[in-house]
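Bear in mind that the values in this text are calculations on the coordinates, not laboratory data. Fair warning: this is a prediction, and the values are worked out from it, not measured in the lab. Counting neighbours? That spans all protein chains shown, and the Cβs are built from the backbone with ideal geometry, glycine included.
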Amino acid sequence: MIETKLHEDVLEIIIANAPVNALGAAVRGALSQAIDAAQGDDQVKVILLRGAGKLFSAGADISEFDQPPTGCALPAIIDTIEASSKPIVAAIHGTALGGGLELALGCHYRLATPSAKMGLPEVSLGILPGAGGTQRLPRLVGLDAALAMIVSGSPVDASSALAMGLVDRLVDEEDFPAAAISYARILDAPRRTRDRQVADDAGAFDRFAAANARRIETLDAPKACIAAVKASVELPIDEGLALERKLFAELVTGAQAKALRHAFFAERAAGKIADLPADTPRRPIAKVGVIGAGTMGGGISMNFLSAGIGVTIVEMTREALDRGVGLMRANYEASARKGRLTIEEVEQAMGLLAPTLEFEALGDCDLIIEAVYENMEVKKEIFARLDAIAKPGAILASNTSYLSIDEIASATSRPADVLGLHFFSPANIMKLVEVVRGEATADDVLATGMQLARSIGKVPVVARVCYGFIGNRMLIPRQDNAYAMLLEGATPEQIDRVHTDFGMPMGPLQMIDLAGVDIGWHRDVDRIESLQDALCAAGRWGQKTKAGFYDYDEKRKPTPSPAVAEIIDEFRARAGMVARAISDEEIVARTLYTMVNEGAKLLEEGIAQRASDIDIVWLYGYGWPRHKGGPMFWADEIGLTTVVQGLERYADRIGEDFSIAPLLARQSDDEGSPTT
Ligand SMILES: NC(=O)c1ccc[n+]([C@@H]2O[C@H](COP(=O)([O-])OP(=O)(O)OC[C@H]3O[C@@H](n4cnc5c(N)ncnc54)[C@H](O)[C@@H]3O)[C@@H](O)[C@H]2O)c1
């Protein structure tokens with residue numbers, strides 16, 4: 001756990017707790033002992049603290065947050081380090097995160113290799129740096145930089161760390177740790193962070209609030225971070241540290257931190273597939289083919305190009321091909337204008353793209369992703385053609401949103417090589433990929449799909465075949481009920497507001513406007529049988545026609561539409577219905593509880609492996625607020641009995657074939673029973 005090496009008068013204390021040198025109870029105990037022993041050892045003049053392996057330390061052991069505190073507390077160890085009469089130097093390589101960086105902040109000097117990264121990501125887990133980070137960092141780097149690091153949780157690189165005063169000097173990467181030891185040897189006196197004053201800057205908090213207020217409005221942790229940093233200016237350090245501890249203790253047991261921890265572990269769990277051994281072989285993917293250069297094909301291709309993987313993209317017509325490729329270039333160039341890419345990187349990515357009208361050009365691809373119209377006949381025809389030209393062992397994937405991967409695979413002579421790779425729009429940005437496992441999908445094809453998604457920065461979740469897989473299937477009851485409630489008397493604004501107040505980036509009707517009201521429409525303007533038909537016939541196809549459930553201006557800002565209100569009134573009258581007041585509570589039950597209910601069915605049917613996978617789908621595919629953990633976690637928090645009772649209350653309105661998922665009913669019974 002802790003190793004020591006004496007180099008004449010410099011003692012190296014090395015944190016060796018693979019894989020990330022987490023500061024769990026055993027490490028803390030051993031570290032404390034090593035520090036104490038060094039204090040009493042006359043041979044030791046200077047102490048150098050570093051991590052073994054690839055990094056300094058990734059910080060606390062998060063699994064301890066749900067348990068009562070044990071062993072030496074990190075803040076106490078850091079206080080001992082800071083109080084040491086012998087100089088203690090932190091030598092950082094790889095990363096120093098969270099408690100790892102706080103440990104370094106308590107040291108008297110800090111060195112880093114040029115590739116090192118340092119950060120305090122606690123806020124992303126709903127907490128704050130609780131081992132002095134909020135008091136010591138501002139003393140070293142000033143308020144602006146400290147607020148940015150602590151409230152965003154984003155790490156900084158070594159050169160920024162040097163410029164802001166977080167580290168004292170950079171040391172040679174190749175000669176690490178020897179170069180750090182040589183530097184440590186010349187230090188003769190401790191220099192304590194606590195003795196410094198935070199540079200007074202009265203405007204820093206106002207500036208920060210002006211830039212960030214909206215983003216953090218509903219979040220506990222960033223607000224507590226700011227309060228703690230304020231204390232670094234206003235209070236003596238020991239009082240500041242005490243306040244930090246108090247705020248930490250409040251946050252760590254709070255609902256938001258619990259949800260964020262759930263999200264953290266859920267993401268890791270999603271990578272594991274129960275019946276797929278970890279050592280399942282992967283197929284090498286050096287070249288990717290994409291069929292269709294529309295909304296999805298273009299975005300999907302960009303992921304691979306950005307990761308340095310060549311893409312052959314096939315279209316039906318020159319016009320569609322040019323349009324698709326032009327849009328990809330425009331997207332890259334927009335990123336370059338925002339400073340996210342260099343012009344060279346744009347050219348490099350576009351240089352890896354081979355646009356073509358020749359289907360046969362896909363013959364040498366290791367993976368081919370089909371992203372053409374959502375039509376089974378078209379998709380089967382394409383897969384039959386692919387079967388004839390794809391090389392043996394090539395993986396054949398469909399980006400279908402709803403259709404059966406098994407039926408698509410049946411059009412080939414090699415269903416074992418077929419799977420779904422369901423990206424979310426915009427595909428170059430959204431992190432979710434549902435990896436759809438067909439009846440015949442081979443293990444190595446599934447394992448390759450999961451790994452490949454991760455290699456392009458996505459979060460893959462495995463799903464079995466059903467209509468809409470995990471995410472879109474759960475959208476169905478939400479959408480149906482949103483449409484129904486419009487006729488019953490709710491307005492689009494009311495339904496959407498319930499969702500945005502909840503923390504969703506947009507409501508169900510705003511989402512339909514974004515995706516296209518015309519999706520799934522029969523395209524006959526004279527056949528008006530539903531609200532969707534009426535909107536589409538009136539040219540209200542959503543944001544793309546600047547009119548959908550809302551009117552949109554040039555900047556795509558929505559305003560309520562009197563025309564839509566009229567269409568709804570007309571429809572209601574035609575159906576012989578009278579508008580009634582609909583409560584927000586009914587909207588929650590019919591659009592959120594129904595999703596939970598569908599999620600429970602997905603679990604029962606084995607479509608989703610585990611409840612937390614469903615949460616990841618919603619966090620990364622639809623912007624479910626992370627501090628509410630995902631729909632299944634949220635349902636557990638509010639109580640399944642509440643969900644079931646809400647569903648029962650509106651059961652006769654939710655839909656003709658509505659039924660409560662037996663799993664949900666059972667678990668709610670257990671919840672209510674006094675024995676559990
Ligand atoms: N748009 C979304 O939000 C979204 C999200 C996830 C998944 N999907 C799915 O992705 C697929 C594509 O959707 P989209 O929104 O990109 O559609 P789109 O209409 O924007 O693009 C489809 C493209 O495929 C091309 N195409 C059609 N047949 C072809 C053929 N035989 N060979 C080559 N190219 C052909 C068309 O010319 C068109 O450019 C659908 O299955 C859809 O359900 C869409």
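Once Rh for region 268-423 is found with the Kirkwood sum over Cα pairs, what is the Stokes-Einstein diffusion coefficient at 20 °C and 1.002 mPa s, in µm²/s? Could the numbers behind the result be given before it?
On the way: Rh = 16.4 Å.
My calculation gives 131 µm²/s for D.
Which shape class, rounded, prolate or oblate, goes with region 154-274 when its Cα gyration tensor gives a ≥ b ≥ c as root eigenvalues, a/c under 1.5 marks rounded, and past that a/b bigger than b/c marks prolate?
Values: a/c = 2.00, a/b = 1.23, b/c = 1.62.
Here region 154-274 falls in the oblate category.
Assign one of three labels to region 268-335, namely rounded, prolate or oblate, based on the Cα gyration tensor with a ≥ b ≥ c the square roots of its eigenvalues; rounded applies when a/c is under 1.5, prolate when it is not and a/b is larger than b/c, and oblate otherwise. Write out the running numbers ahead of the final one.
On the way: a/c = 2.70, a/b = 2.18, b/c = 1.24.
Since a/c reaches 1.5 and a/b is larger than b/c, the shape of region 268-335 is classed as prolate.
Run the quick spin-label model on ASP238 and TYR373: label points 7 Å from Cα toward the beta carbon, then report their separation in nm to one decimal.
For the pair ASP238/TYR373, the computed spacing is 7.7 nm.
Along its three principal axes, how long is region 440-483 when you only count alpha carbons? Whole Å, largest extent first please.
Largest to smallest, the principal-axis extents are 41, 27, 8 Å.
Any idea what the dipole of the chain comes to, in debye rounded to 20, about its Cα centre with Lys/Arg Cβ at +1 and Asp/Glu Cβ at -1?
1000 debye
Run through region 323-399 and list the trypsin sites (Lys or Arg not before Pro) located in a DSSP loop whose Cβ has at most 10 other Cβ atoms within 10 Å. Don't skip to the end; give the middle numbers.
Numbers: sites: ARG323, ARG329, ARG337, LYS338, ARG340, LYS379, LYS380, ARG385; in loops: LYS338, ARG340.
Counting only loop positions with at most 10 other Cβ atoms within 10 Å, the trypsin sites (Lys or Arg not before Pro) in region 323-399 are LYS338, ARG340.
Per 10 Å bin, what percent of the C-alpha pairs of the chain does each bin hold, from zero upward?
All Cα pairs considered, the percentages come to 3, 13, 20, 22, 20, 13, 6, 2, 0, 0.
Roughly how far apart, in whole Å, are the Cα centres of region 250-308 and region 143-182?
So the two Cα centres are separated by 30 Å.
Would you mind ranking LEU166, LEU235 by Cβ crowding within 10 Å, fewest neighbours first? Kindly include the intermediate steps, with their values, before the conclusion.
Numbers: LEU166 24, LEU235 14.
Ordered from fewest to most neighbouring Cβ atoms within 10 Å, LEU166, LEU235 come out as LEU235, LEU166.
Please work out how many pairs of lysine residues in region 1-148 are eight or more positions apart (or on different chains) and have Cα atoms closer than 26 angstrom.
Working: LYS5/LYS45; LYS5/LYS54; LYS5/LYS86; LYS5/LYS117; LYS45/LYS86; LYS54/LYS117.
Here the count comes out as 6.
I'd like the antiparallel share, as a percent to the nearest 5, of DSSP beta bridges with both residues in the chain. Before the final figure, lay out the partial values.
Details: 18 of 63 bridges.
Among the beta bridges of the chain, antiparallel pairing accounts for roughly 30 percent.
Using Cα centres only, tell me the gap between region 1-80 and region 228-245 in whole Å.
Comparing the Cα centres of region 1-80 and region 228-245, I get a distance of 25 Å.
Relative contact order for the chain: what is it in percent, counting Cα pairs under 8 Å that are at least 6 residues apart?
Numbers: 1238 pairs, mean separation 58.6, N = 676.
Once divided by the residue count of the chain, the mean separation gives 9 percent.
How large is ³J(HN,Hα), in whole Hz, for each residue of region 310-319 in order, when computed from phi with the Karplus curve 6.51 cos²θ - 1.76 cosθ + 1.60 and θ = phi - 60°, using x for Gly and Pro?
These are the phi-based 3J(HN,Hα) values: x, 10, 9, 10, 10, 10, 8, 10, 4, 4 Hz.
For LYS391, go through the aspartates and glutamates and keep the ones whose alpha-carbon is under 12 Å away, minus same-chain ones fewer than eight residues off.
GLU360, ASP364, ASP366, ASP417
Find how much the distance from GLU174 to MET577 grows on full extension, using 0.36 nm per residue of separation minus their present alpha carbon separation; answer in nm with one decimal. Intermediate values should be presented prior to the final figure.
Working: separation 403, 0.36 × 403 = 145.08 nm, distance 7.69 nm.
Between GLU174 and MET577, full extension yields an extra 137.4 nm.
Using only the Cα atoms of region 358-506, what semi-axes does the equivalent ellipsoid have when each is the square root of 5 times a gyration tensor eigenvalue? Give whole Å, largest first. Intermediate results must be reported in sequence, preceding the final value.
Numbers: eigenvalues 228, 57, 35 Å².
Semi-axis lengths for region 358-506 are 34, 17, 13 Å.
Among 494-507, 389-402, how do they line up by average Cβ neighbours within 10 Å per residue, starting with the highest? Before the final figure, lay out each step's value.
Values: 494-507: 18.3, 389-402: 20.2.
The packing order, highest mean first, is 389-402, 494-507.
Percent of Cα-Cα pairs per 5 Å bin, from 0 to the last occupied bin, for region 12-60, please list those.
Over region 12-60, the share of Cα pairs per 5 Å bin runs 5, 22, 28, 21, 14, 8, 1 percent.
Quick one: ARG139, ARG556, fewest Cβ neighbours within 10 Å first, how do they rank?
Arranged by neighbour count, lowest to highest, ARG139, ARG556 become ARG556, ARG139.
Listing ASP553, ASP9, ASP526 from the residue with the fewest other Cβ atoms within 10 Å to the one with the most, what is the order? Write out the running numbers ahead of the final one.
Numbers: ASP553 9, ASP9 13, ASP526 6.
The most exposed by this proxy come first: ASP526, ASP553, ASP9.
Hey, any idea what the orientation-averaged projected area of the convex hull of region 597-669's Cα atoms comes to, in nm²? Could the numbers behind the result be given before it?
Numbers: hull surface 20.2 nm².
Computed as one quarter of the Cα hull surface, the answer is 5.0 nm².
Residue farthest toward the positive end of the dipole of region 313-390, with Cβ of Lys/Arg at +1 and Asp/Glu at -1: which of ASN375, VAL325, GLY339?
So the residue furthest toward the plus end is GLY339.
Give me the extension gain from ALA18 to GLU439: residue separation times 0.36 nm, minus the current Cα-Cα distance, reported in nm with one decimal. The partial results should precede the final answer.
Details: separation 421, 0.36 × 421 = 151.56 nm, distance 3.84 nm.
Once the chain is fully extended between ALA18 and GLU439, it gains 147.7 nm.
Pop out the Kirkwood hydrodynamic radius of region 295-370 from its pairwise C-alpha distances, inverse of mean 1/r, in Å to one decimal.
Taking every pair of different Cα atoms in region 295-370, averaging 1/r and inverting gives 12.7 Å.
Give the separation of the Cα centroids, region 88-138 to region 325-379, in Å.
40 Å
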